[in-house]
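What follows is one structure encoded as structure tokens, with my remarks underneath.
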Amino acid sequence: MYFCNSNLKSYYNNLNEILNLTSLTGNRKKLKELLRKSDNRICADCNAPDPKWASANIGVFICVRCCGVHRSLGTHISKVLSVTLDEWSDEEVKSMIEVGGNSYANSIYEAFLPREFSKPTTDSSPEERAKFIRSKYEFQDFLKPSLRIVSSKSSFPSTSSFRSCESGKDKYSSSNSNLSEAGMIEFIGILKVKVVKGRKLAVRDMLSSDPYVVLTLGKQKAQTSVIKSNLNPVWNEELKLSVPQQYGPLKLQVFDHDIISADDIMGEVEIDLQPLITSAMAFGDPDSLYDMQIGRWLKSYDNALLRDSSVRIVDGNVRQEMSLKLQNVESGEIDLELQWISLTGFENC
């Protein structure tokens, strides 16, 4: 069989896509099989039924309410993924299988849980939930002192993750006195932002620019890759941000990457999240609804929309596409696709 170079490249690209899809399908099947085990049918931290989230590096399945606290710990402690919505790598699935499930993980992380200490329940307050989860995983208050974890690569104990401590001399932080403000935040959802492409971006170098996008929500930041010498860049990159109960607008900034000097601003824009979130909350579980429009953000003089932006349910997901004109710059437009994943109100999110 004869292939020209373009056909050969297309053939291998299609083959890689098929192999990747097969791997993702296999990983999802393995996760669902692990989730069927009796101990994994309840949240590892509060015993809520039917958990749909997991900490991939710790190896536990958790509910949507505990998921918010895990996210506030940072990925160096707990890397949170959705069992049904996120794409899992082979390594992440393997890690979950090696741990063996919630019972084994809790036998390690709750080995020294005091009898008088009550674990949170489904009705516990955000403060009670945050206190217990941070004590359990961040401060490791219930772990045997000689097995305290020091490796930052994985939060689950392994033979390479332990260090010995002299008996009676292992002085570690108490969760009662060191609860940070971040651990008390209860997140209501996860915002996925797909930065699709830019058009007619401003020139900041001699003839072009090296643009990248930064998203800011509260104290959280997420950034795309840099695209070299392109005023019409295509990123197609998905960024994630956790949304707290008290949220403001999402700020988007475009920068020109410079090696020698500070990066130059190439425009910015603020995105009102209220149409997306309030519409999603009003309609409830999107899995139970047909594809339909549930809200709209209207173009006006006081926002940066190039045209009205609809909030729609598509294949069981709440999505919003928008085209924006960058502000405080001579030219530039940006296309985004937003997806909302609720962490409150229903357990099937």
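What translational diffusion coefficient, in µm²/s and rounded to a whole number, does the Stokes-Einstein relation yield for segment 23-101 at 10 °C and a viscosity of 1.306 mPa s, taking the hydrodynamic radius as the Kirkwood radius over Cα pairs? The partial results should precede the final answer.
Working: Rh = 12.2 Å.
In µm²/s, the coefficient is 130.
What is segment 177-287's relative contact order, in percent, from Cα pairs under 8 angstrom and six or more apart in sequence? Walk me through the numbers on the way to the answer.
Working: 198 pairs, mean separation 29.9, N = 111.
Contact order relative to length: 27 percent.
Of the trypsin sites (Lys or Arg not before Pro) found in segment 196-248, those that fall in a DSSP loop while having at most 16 other beta-carbon atoms within 10 Å are 200, 219, 228. Calculated from the alpha-carbon coordinates, segment 222-344 shows an Rg and a Dmax of 16.0, 53 Å respectively.
A full extension of the chain between residue 278 and residue 261 corresponds to an added length of 1.9 nm, given 0.36 nm per residue minus the alpha carbon distance. Placing one identical point scatterer on every Cα of segment 51-147 and ignoring solvent, what is log10 I(q)/I(0) from the Debye formula at q = 0.24 Å⁻¹? Rounded to two decimals, the profile gives -1.45.
Here, each number is a calculation from the coordinates, and none is a lab measurement. Here the structure is a predicted model, which means the values were calculated and not measured. Cβ atoms come from the backbone with ideal geometry, glycine included; neighbour counts cover every protein chain shown.
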